[in-house]
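Visitor: Structure incoming, see below.
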Amino acid sequence: MYYWDGGQWLSTLSADRKTRWNGTAWVPAGQLPGPLAYQQPSRPVREATSWTRPLQYTVAGFYALQAVYALSLPFWMSGPMSRVMTQSMNQSIQRQQQLNPAVSPPPAAFTDSMTTVMTSMMTATLWLAALFGVAIGVVVIIGALKRWNWTYYVVLVLLGFSALSLPANMVSAVSGPAMSGFGGVSVPAWIYTLSVAVAIPGAALFVWMLVALVKRGPWAMKKVAPTVS
């Protein structure tokens, strides 16, 4: 737009703005290109590695099994958990009678109705948990196949919490539950054994995802410099 004549800056455009001084001669103003537009430097892009596709399919497959497992819970967990709650209620009634023998026990019809209500509540809770587990599984499967980064971090956190509970579940499965369930009734030990069987593959997947994140990035995709055309 301007040039230095040795004493001052002068416009390269002529008075009629039809010609421009290019340093050696006056040329038509339309023949010179306009100012170059500023281009921001391109961000590094991520490129799939040999780990990417196996990691995607492993996460998707693991959560597909988790969804099936969650959907099966109401069918085989309703009975054991209802028995645990019934035992808890009976023990609570027995303790109240021991503390105050003058109080007559509740009628059998009341106990049966309370048992039915508690069983229905437990079944409804298990179905809600199953639907929630299926929804999580579907979202994770889609996110794994599409390589959503936020899905990677969410799965990593979920598997991390599961891995933290693994030692306690292993101890409970081997030596019996360290804590009692409802009202002092112990949760069956086989439930802890099943939790360990489910958590061990999850812990292995957590370690793999963590190593992949540290060494390469989310979904084991490494950063590469963008190509300049």
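Visitor: Can you return the lysines within cross-link range of K215? Criterion is Cα-Cα under 19 Å, with same-chain partners fewer than 8 residues away left out.
Guide: In chain and number order, the partners are K223.
Visitor: I want to check the label-to-label distance for N22 and K215. Put each point 7 Å from Cα in the C-beta direction and report it in nm to one decimal.
Guide: 5.8
Visitor: Quick check: residue separation of S113 and I142 times 0.36 nm, minus the Cα distance between them. What number comes out in nm? Don't jump to the answer; show the numbers that get you there.
Guide: Details: separation 29, 0.36 × 29 = 10.44 nm, distance 4.38 nm.
Additional length available on full extension: 6.1 nm.
Visitor: Check which residues have an amide H placed less than 5 Å from T19's amide H, if you skip close sequence neighbours.
Guide: S14, A29
Visitor: Quick one: length gained pulling L164 to Q8 fully straight, 0.36 nm per residue minus the C-alpha distance?
Guide: 48.7 nm
Throughout, read-outs are computed from the coordinates displayed, never taken from laboratory work. The model shown is predicted, which means the values in this text are computed figures rather than measured ones. For neighbour counting, all protein chains shown are included, and Cβ atoms are generated from backbone atoms with ideal geometry for every residue, glycine included.
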